[in-house]
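**Student:** Handing you a structure now.
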């Protein structure tokens with residue numbers, strides 16, 4: 001009777017939760033439609049912003065991060081709705097920003113640039129270099145650049161170094177300290193949770209699995225990571241030193257020398273920055289404003305110096321051309337599914353590539369890769385579609401961003417030409433697999449799993465130890481995946497598999513080292529890739545074609561699906577016994593790296609250490 005009553009109670013609770021969930025979904029949808037209607041009305045009646053008709057500065061008041069591809073084309077709506085004065089954009093398109101600076105160079109109404117970087121959260125180093133290139137072009141065109149800030153971190157200072165004059169608050173600092181890379185390791189945690197982790201990997205330097213099997217970084221991983229980390233820091237230091245007309249040693253001496261210099265100023269970081277020519281003038285905001293008013297004039301209406309914000313500066317529209325170069329983005333971790341924000345969905349990417357293949361106006365393709373890799377299956381889906389486009393006679397040029405490693409390199413193999421930045425992290429040619437099981441976790445709680453099966457291959461479950469035959473099959477699959485990877489690279493780079501294997505083994509290379517090892521063809525940026533694609537397609541004039549970004553409705557629909565899965569998972573968990581629920585939560589703790597990676601064959605080509613530089 002007690003058991004029956006318990007079942008009835010749980011059924012009632014489940015039904016009640018489902019009804020509440022349906023009610024909330026309907027109400028949320030209704031509110032969302034009202035918000036959309038309100039946004040539309042507000043945008044219609046909103047007066048137009050200053051588009052730069054008055055002569056003055058272009059204010060690059062960067063907010064958030066700079067990325068290759070923004071999540072949605074509806075960000076502007078959200079910015080206008082929430083706060084029109086602060087321009088709190090979370091993402092900024094790298095290519096739109098560079099185009100804006102280049103447009104301002106020839107705009108008679110723009111007489112200079114003011115860099116206000118206090119809310120700039122960051123970008124990868126190749127993106128910073130590309131923005132810096134545009135700023136240098138602007139400055140060389142005869143228009144001045146001023147950088148203003150209370151303080152500068154390393155990322156902000158990189159862009160500030162391109163200015164003709166850098167202002168710093170008397171109470172501020174320039175936070176130059178170098179680069180580091182750190183990871184969490186949780187072998188002991190898994191042992192305490194009694195989770196069995198079976199790892200399959202090929203590659204001496206394939207360190208993505210080390211957190212599962214070690215409590216610290218292996219000597220091989222330290223050696224490899226130190227090499228590319230030093231390369232990135234050298235590129236960074238050489239750039240800012242050249243901008244400040246100093247040597248790298250003058251720009252950033254050893255720690256002991258910096259400490260002695262800081263002691264000489266009695267801990268005054270701003271004075272230290274000025275004495276070492278990191279900045280040009282110490283001034284508070286009011287004095288900086290006086291200088292900017294002298295340079296750009298006074299706007300009586302705004303009560304500020306004359307400027308137009310980058311978020312209000314209108315781009316120049318260009319005429320549609322018949323000959324186009326498609327630009328396809330692979331931005332994020334690769335999965336064998338549709339695209340969601342921050343994830344390269346293989347199905348979506350393949351559909352975009354197919355569209356470029358079938359469109360007669362598109363004569364060539366630039367694949368912009370900024371990915372640590374991911375699912376082997378997903379990577380192969382994208383690669384095979386690129387191979388079909390290449391077979392159709394349309395040249396492919398890969399433009400590598402900050403990261404084009406592992407699966408990011410896999411999808412680059414069909415290219416006619418590969419261009420990387422000197423600071424690109426690429427290579428990491430290796431494959432691994434990880435399978436976690438919780439039979440020991442359950443056993444420690446007195447829960448055991450048993451049953452019958454027609455074959456050991458069918459008896460695979462997270463609650464059971466991995467059958468030996470299955471383990472061997474996964475190992476063979478992973479090894480085969482590595483051989484395929486090496487063979488693809490060898491064919492692409494016109495080398496033997498043995499030659500590629502020597503520089504593969506999961507090792508990460510900077511763009512400079514990758515060029516020396518024959519993994520890329522040329523050091524350059526996105527402009528270099530576009531010009532090369534045009535040359536291969538024999539185009540004298542062209543226009544860039546971009547696939548449509550996710551719209552607001554797409555994102556909300558996918559967020560709704562995610563919410564439904566979360567709610568249903570929570571409902572299911574209410575039915576689980578407490579010990580089994582604990583084991584389920586332990587599994588989530590043990591595999592946070594693979595929440596979005598569900599390769600059907602448990603094979604991954606991903607570099608997890610490449611994106612942890614700070």
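No value in this document is a laboratory result; all are computed from the given coordinates. Keep in mind it's a predicted model, so treat the numbers as computed, not measured. Cβ atoms come from the backbone with ideal geometry, glycine included; neighbour counts cover every protein chain shown.
**Student:** Which whole-number percent is the relative contact order of segment 314-464 (Cα, under 8 Å, 6+ apart)? Walk me through the numbers on the way to the answer.
**Tutor:** Working: 283 pairs, mean separation 27.8, N = 151.
Result for segment 314-464 is 18 percent.
**Student:** Label point 7 Å out from residue 354 along Cα-to-Cβ: which residues of segment 378-418 have amide N under 11 Å?
**Tutor:** 385
**Student:** Now for a different question. Label residue 164 and residue 531 with points 7 Å out from Cα along Cα→Cβ: what is the distance between them in nm?
**Tutor:** 2.6
**Student:** Going by how many other Cβ atoms sit within 10 Å of their own, how do 500, 418 line up, fewest first?
**Tutor:** On the way: 500 23, 418 29.
In increasing order of surrounding Cβ atoms, one gets 500, 418.
**Student:** Please check which bits of segment 345-383 a label hung off residue 540 would reach, taking the label as a point 7 Å along Cα-to-C-beta and the cut-off as backbone N under 12 Å.
**Tutor:** none
**Student:** While we're here: Using a simple spin-label model with points 7 Å from Cα along the Cα→Cβ vector, what separation in nm is obtained for residue 121 and residue 458?
**Tutor:** My value for the distance between the label points is 5.0 nm.
**Student:** Using the per-residue mean of other Cβ atoms lying within 10 Å as a proxy for protection, in what order, highest first, do the peptides 516-524, 300-308, 348-356, 363-371 fall?
**Tutor:** On the way: 516-524: 18.4, 300-308: 16.0, 348-356: 20.2, 363-371: 26.8.
By packing density, highest mean first, the sequence is 363-371, 348-356, 516-524, 300-308.
**Student:** Sticking with this one: Treat the count of other C-beta atoms within 10 Å as a stand-in for reagent exposure and order 251, 400 from fewest to most.
**Tutor:** On the way: 251 21, 400 31.
Neighbour counts put them in this order, fewest first: 251, 400.
**Student:** Tell me the label-point distance for the pair residue 289, residue 191, using the 7 Å Cα-to-Cβ offset, in nm and rounded to one decimal.
**Tutor:** Between residue 289 and residue 191, the simple spin-label model gives 6.1 nm.
**Student:** OK, next. Label 7 Å along Cα→Cβ of residue 522; segment 394-426 residues with amide nitrogen under 14 Å?
**Tutor:** Counting only backbone N, you get 396-400, 416-422.
**Student:** Sorted from fewest to most neighbouring beta carbons within 10 Å, what does the list 105, 532, 194 look like?
**Tutor:** Values: 105 19, 532 22, 194 16.
In order of increasing Cβ crowding within 10 Å: 194, 105, 532.
**Student:** First measure r as the distance between the Cβ atoms of residue 388 and residue 361, then evaluate 1/(1 + (r/R0)^6) with R0 = 22 Å and state the FRET efficiency to the nearest 0.05.
**Tutor:** Working: r = 18 Å, r/R0 = 0.82.
Result of the calculation: an efficiency of 0.75.
**Student:** Applying a 10 Å radius around every beta-carbon, put 109-115, 274-280, 422-428 in order of their mean neighbour count, most first.
**Tutor:** Details: 109-115: 21.6, 274-280: 18.7, 422-428: 29.7.
Peptide ranking by packing, descending: 422-428, 109-115, 274-280.
**Student:** Grab the Cα-Cα distance for residue 277 and residue 108, subtract it from 0.36 nm times how many residues apart they are, and report the gain in nm with one decimal. Can you show the working numbers first?
**Tutor:** On the way: separation 169, 0.36 × 169 = 60.84 nm, distance 3.20 nm.
Net length gain for the segment: 57.6 nm.
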